[in-house]
Structure formats: structure tokens, C-alpha cells
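First the structure, in the form of C-alpha cells, and then the observations on it.
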């Protein structure tokens, strides 16, 4: 097949919500198409959330809301770092829907989160330095980087057909508590928002 070929900076999105990019091997540029600012010239932002568990202070099944995002924010990287002080801290990393009162939930009428979208029982005691949670995840893969959070939620359990204009927490659901020493965990997100 003869080129040139065009990426999603030149061709309108195709497929259902959560599908990445235009049709493969696309040789036709969409006339008059302008890529959204987030693709073409978005400003990269960084958000970091950290917490320290005391020894056995955060029990299994506890939920820690680490960062808050708009559903239209495009996530390019989510990393986990930790001090490695404890020998057994672990947790699921996922999305919780933010309620009107500021609490977080997995299910709100018409909206779904996914408690382990970014990783299940992620090892948080390995003295890790910026472990890529898109790679850690059993649900996501590197091709999902750059999707809006609502589209990432669709890769999980949600079924949105457009941006629901809500907020999400990136949260950790503790699966194994820090039993031997206090543990500091840091999540860092690289994303763009609006523009």
C-alpha cells in the first residue's frame, strides 16, 4: 500500500469510545480536521500524591484517594514509587467516581469506576522508582496512554459514549497492610487538562 499515512493528528477518530486512534494504515487525511489541543499542542502537567502508612495503621480493604482528575483529562503516565521500608505493603490502583459530597465510590448512578484499572495488588514495598502502572496493569497497555480518563474507564467496566463531565479519584485499595514498618508511597501522574 502506498503512503503517505496519517496519525490521529490529521484524521478524525473512528470506532467506539476507548478505541485508540483512527483506522490503521489510514492514507486519507480528513479535510478541515483539527486535532484537539490535547493531541496537537497540549501542556503537560504533573500531579503527585504521597502518603505514609504507620505500622499496621492502614488495614487491608482501606481506600486511599490519592489524586483527583476531571473525566476529560488525558493521562500519559501514572507511576508508583515507594521507600521499600515495609516488607509486605500492596494495593489495587484504580479509578473511583467522585460524589457531590467529595466522597469516592465505585458505582454512582450512570457512572462506574474500576478499583484495579491500573494494577492489582501492586507491590508497594519494593523500593520502586517510578514503576509504569500502564505496564503493571492487567487491563491497560501502553497503547492506552493519552486517552481521556472516561475512555480509560471504558477499557475497564464503564460504558460511556461521551465525556460524562465528572471527576475521578485515582485511588489505592490496600490489599496487604504495612505490617513491619511505616511505608511511604508516591503516585505521580503526567497528563494534560483542557487547554
**Report entry** Subset of the stretch 59-74 (residues that are closer than 17 Å to residue 103 by Cβ and either in a strand (DSSP E or B) or without any contact (Cβ under 8 Å) to a residue 24 or more places away in the chain (or both))
**Finding:** 63, 64, 65, 66, 67, 68, 69
Query - Residue in the stretch 108-118 that is within 18 Å of residue 48 (Cα to Cα) and in the same structural domain as residue 156 (by TED's automatic domain parsing) present - result: yes
Query raised in the report: Mind checking which residues of the stretch 96-150 are assigned to a strand (DSSP E or B) and touching a helix residue (DSSP H, G or I) at 6+ places or on another chain (Cβ under 7 Å)?
Result: 112, 114, 117, 118, 119, 122
Requested in this report: For residues that are more than 13 Å from the chain's Cα centre (by Cα) and assigned to a strand (DSSP E or B), scanning just the stretch 77-95, find the one that is nearest to residue 150 (Cα to Cα).
Outcome: 91
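Taking the options 174, 139, name whichever one is crowded, with 17+ Cβ neighbours inside 10 Å, under 24 Å from residue 99 (Cβ atoms) and free of Cβ contacts under 8 Å to residues at least 60 places away in the same chain.
139
Kindly evaluate residue 195 against the criterion of being in contact with a helix residue (DSSP H, G or I) (Cβ under 6 Å, 6 or more places away or on another chain) and at pLDDT below 80.
Yes.
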Report task. Might you let me know whether the stretch 122-135 holds any residue that is closer than 15 Å to residue 63 by Cα, in the same structural domain as residue 63 (by TED's automatic domain parsing) and buried (at least 21 other Cβ atoms within 10 Å of the Cβ)? Result -> yes
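The values are calculated or read from the model by the stated rules, or taken from the named source; none is laboratory data. Note that the coordinates shown come from a computational prediction; the quantities given were computed from them, not determined experimentally. Because the Cβ atoms are built from the backbone with ideal geometry, glycine has one as well, and the counts that use them run over all protein chains shown.
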